[in-house]
Amino acid sequence: MNEIFVLAEHRQGELREVSLELLTLASKLGPKVTAVLLGSGVDEFANKLASYADRVLYVDDSMYANYVCSAYQAALSELIKKEKPGLVLIGNTGQGSDLIPSLAVELGCPFTTDVISLTLEGDKPVAVRQFYGGKINGTIEFKDAETYLIGVREAAVPAEELGKSGEIQKIENPITTEITVQKFLEYVEAAVGEVDITQSAMLVAVGRGIREDKNMPMMEELAQVLGADLAGSRAVVDAGWLPPDRQVGISGKTVKPKLYLAVGISGAFQHVTGMKGSELVVAINKDPDAPIFQYADYGIVDDLFKVVPALIEKIKELKG
Amino acid sequence: MNIVVCVKQVPDTSDPDTEVHIDSTGRGVDQSKFSFVINEADNYGVEEAILLKEKHGGEVVIVSIGPEAANQVIRMALAKGGDRAIRLEDEAFAFSDVYATAKILQSAIKDIEFDVVMTGCMASDDGYAATGQTLAQLLGVPHAAYVKSVEVIDEKTLKVGRELEGGLLEMSEIKMPCVLTIQTGINEPRYASFKGIREASKKEIKIMDLAATGLSSDEVGENGSLSVLKGYSMPEVGELAEILEGDASETSTKLATILKEKGLV
């Protein structure tokens, strides 16, 4: 196989960890690895990437200061057509997931997204990804092509020090025309609420299993008797039962409390990513196959509407 | 403002009672016990389209690939305010990957004069989160994925907020026509009114088969796909939690005791 391209990702002046994770993954596949970087004033990032790649190819231009799909796609399309990598790895992030499908279709490359493990069989990638919220895996193969594009899930592979000293090549911007269909404006940070759940010692986290808004007071009472704060999964926040600053997961907060009591949460990776660093995890869920039990120290497989009221009483008794 | 919304009927896997079992072919799942619902993110897409129509006028067209049973999901979108619908169904569509799926959708959408096409940002069953972006490229228009806010700036421009990691919003302008993939939580999806449901039964659902799409059998299904799902497998299960056994009284006593021992109560 020709070399592997890894698209480096940066945001708000920081090189994102997923770049190093993908370079680590790529380095184990065999072929030569080239880190590709688009940005503005990114010499420092190029230097860092060089210790994880055999080559760093980068374009420094103000049009790439912030991610804009049309601009990134135009540049990468030109680079890929010229350099003909066998495989292009892109983080399946808010940026990468936006970019991969349209870039692949423009180039006519087979692609897939949100891959959790990747191998090469000869010159062709074989990818594994999750289906049905992580309840089952699927193996994906591809039609024959010169180049394949794969979106790899963040944190699927830990980044390792690779000690490389790749050649750094700064190249001319392949795009000379102005991109007018899309324009970056600004980043808006998520609102900060009255409780910062990233600092909470104990969290009671509520999921979809709670079913209705009217069941929230029961969870508030559980949190109160434990002296914990309330947090929740995306579903609960989308439904408006908890404010957005209480959301745990990829698009919410990353928390590391002493106790994370997950009630009615199935444990899709989007949620688990935000809580797996908790010291003690307890899960209450009706479904014995819920992925959350793989991340929990203790589990109760039962109806939360039976367990939670009983638990509130027991804790009250213990506290006297 | 004319808006096309792509919706998908999916198994209701949010229900904790829904178990997913691989079927005997190894490439499908046993659907016999599933109940089906509109894909959650698509439901937000329908709402966002109707909100824009209510403010700016125009037409909302619902497009879906699926069997006759998917009419239920389509009718509900029509009852909420969709004007008409197209349902694409053909045996040849089976095993289409994201690319082939987007080609099928494109065949129905290309003749509509749209300003915006909306899809959910991700389907709860296969989770590719890629159909909208693929469709945009096939339609030759720009796109924005994971959209959590939409504002009309002028007749050619939208201001959109894309949700990134940590809840950070990336605000940008995008020219219409365009494709937006809608993130959950962008709005509060309404319930259909009885009047709406009554009216929806009279609205048109146009059925398109392979011949009607103008595509050949080589362009759809597995033949027309760039990737192939070879088979499903059960994930390797990590070390499981210690499960506390007994009825609710017993398990809650055990848990309270553990929390006490660990100094958490």
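The values are calculated or read from the model by the stated rules, or taken from the named source; none is laboratory data. What you see is a predicted model, and the numbers here were worked out from it, not measured in a lab. Every residue, glycine as well, gets a Cβ built from its backbone with ideal geometry; the counts of neighbours run over all protein chains shown. Heavy atoms of the whole protein, side chains included, go into the accessibility calculation; ligands, DNA and RNA do not. Shrake-Rupley method; radii C 1.70, N 1.55, O 1.52, S 1.80 Å.
On the basis of being at the interface with another protein chain (Cβ under 8 Å from one of its Cβ atoms), without any contact (Cβ under 8 Å) to a residue 60 or more places away in the chain and either part of a loop (DSSP other than H, G, I, E, B) or open to solvent by 10 Å² or more (accessible area, probe 1.4 Å) (or both), does A:Ala283 make the cut? Answer is no for this residue. Taking segment A:81-120 as the range and being assigned to a helix (DSSP H, G or I) and either open to solvent by less than 10 Å² (accessible area, probe 1.4 Å) or within 13 Å of chain B (Cβ to nearest Cβ) (or both) as the test, the residues that pass are A:Gly96, A:Ser97, A:Asp98, A:Leu99, A:Ile100, A:Pro101, A:Ser102, A:Leu103, A:Ala104, A:Val105, A:Glu106, A:Leu107. Within segment B:244-252, is there a residue that is more than 10 Å from chain A (Cβ to nearest Cβ), open to solvent by 30 Å² or more (accessible area, probe 1.4 Å) and farther than 29 Å from A:Arg246 by Cα? Within segment B:244-252, not a single residue is more than 10 Å from chain A (Cβ to nearest Cβ), open to solvent by 30 Å² or more (accessible area, probe 1.4 Å) and farther than 29 Å from A:Arg246 by Cα. Does segment B:207-220 include one or more residues that are at the interface with chain A (Cβ under 10 Å from one of its Cβ atoms), part of a loop (DSSP other than H, G, I, E, B), farther than 25 Å from A:Val236 by Cβ and not basic (Lys, Arg)? Within segment B:207-220, none of the residues are at the interface with chain A (Cβ under 10 Å from one of its Cβ atoms), part of a loop (DSSP other than H, G, I, E, B), farther than 25 Å from A:Val236 by Cβ and not basic (Lys, Arg). Being among the hydrophobic types (A, V, I, L, M, F, W, C) and out of contact with any strand residue (DSSP E or B) (no Cβ under 8 Å at 6 or more places or on another chain) holds for only one residue in A:Ile312, A:Ile300, and it is A:Ile312. Of all residues in segment A:253-277, those satisfying the criterion of being free of Cβ contacts under 8 Å to residues at least 40 places away in the same chain, open to solvent by 10 Å² or more (accessible area, probe 1.4 Å) and in a loop (DSSP other than H, G, I, E, B) are A:Lys276, A:Gly277.
Say whether the condition of being assigned to a strand (DSSP E or B), open to solvent by less than 60 Å² (accessible area, probe 1.4 Å) and among the acidic types (Asp, Glu) is met by at least one residue in segment B:172-195.
Kept after step one, since they are assigned to a strand (DSSP E or B), are these residues of segment B:172-195: B:172-175, B:178-182.
Filter again for open to solvent by less than 60 Å² (accessible area, probe 1.4 Å), leaving B:172-174, B:178-182.
This time we only want the ones that are among the acidic types (Asp, Glu), so: B:173.
Yes, the conditions are met somewhere in segment B:172-195.
In summary, B:Gly224 fulfils each of the numbered conditions (1) more than 7 Å from every other protein chain (Cβ to nearest Cβ); (2) within 23 Å of the chain's Cα centre (by Cα); (3) more than 30 Å from B:Ala79 (Cβ to Cβ); (4) open to solvent by 30 Å² or more (accessible area, probe 1.4 Å) with the single exception of condition (4). With respect to the stated conditions, A:Glu146 fails to be touching a Leu at 6+ places or on another chain (Cβ under 8 Å) and either more than 9 Å from chain B (Cβ to nearest Cβ) or over 27 Å from A:Gly267 (Cα atoms) (or both). With a requirement of 2 or more residues that are free of Cβ contacts under 8 Å to residues at least 60 places away in the same chain, the strands (runs of 3 or more DSSP E) lying completely within segment B:95-165 that satisfy it span B:143-154, B:157-163. Residue pairs whose Cβ atoms lie under 6 Å apart, separated by 6 or more positions or on different chains, with the first residue in segment A:130-159 and among the acidic types (Asp, Glu) and the second part of a loop (DSSP other than H, G, I, E, B) and at pLDDT 95 or above, are A:Glu154/A:Thr93.
Scan segment A:52-61 and give yes if some residue there is in a helix (DSSP H, G or I) and either open to solvent by 10 Å² or more (accessible area, probe 1.4 Å) or acidic (Asp, Glu) (or both), otherwise no. First the steps, then the outcome.
Our first condition is that a residue be in a helix (DSSP H, G or I); within segment A:52-61, this holds for none.
For segment A:52-61, residues in a helix (DSSP H, G or I) and either open to solvent by 10 Å² or more (accessible area, probe 1.4 Å) or acidic (Asp, Glu) (or both): absent.
Name the residue, out of B:Glu261, B:Glu239, B:Glu151, that is open to solvent by 80 Å² or more (accessible area, probe 1.4 Å), within 30 Å of A:Leu222 (Cα to Cα) and more than 9 Å from chain A (Cβ to nearest Cβ).
Details: B:Glu239 fails: more than 9 Å from chain A (Cβ to nearest Cβ); B:Glu151 fails: within 30 Å of A:Leu222 (Cα to Cα).
Exactly one of B:Glu261, B:Glu239, B:Glu151 is open to solvent by 80 Å² or more (accessible area, probe 1.4 Å), within 30 Å of A:Leu222 (Cα to Cα) and more than 9 Å from chain A (Cβ to nearest Cβ), namely B:Glu261.
Restricting segment B:88-134 to residues that are among the acidic types (Asp, Glu) and closer than 14 Å to A:Pro101 by Cβ, the residue that is least open to solvent (accessible area, probe 1.4 Å) is B:Asp97. Is segment A:221-242 home to any residue that is more than 8 Å from every other protein chain (Cβ to nearest Cβ), surrounded by 22 or more Cβ atoms within 10 Å (Cβ to Cβ) and either in contact with a Phe, Trp or Tyr (Cβ under 7 Å, 6 or more places away or on another chain) or not hydrophobic (A, V, I, L, M, F, W, C) (or both)? Looking through segment A:221-242, at least one residue is more than 8 Å from every other protein chain (Cβ to nearest Cβ), surrounded by 22 or more Cβ atoms within 10 Å (Cβ to Cβ) and either in contact with a Phe, Trp or Tyr (Cβ under 7 Å, 6 or more places away or on another chain) or not hydrophobic (A, V, I, L, M, F, W, C) (or both).
Residues of segment A:33-58 that are charged (D, E, K, R) and over 20 Å from A:Ser77 (Cα atoms): A:Asp43, A:Glu44, A:Lys48, A:Asp54.
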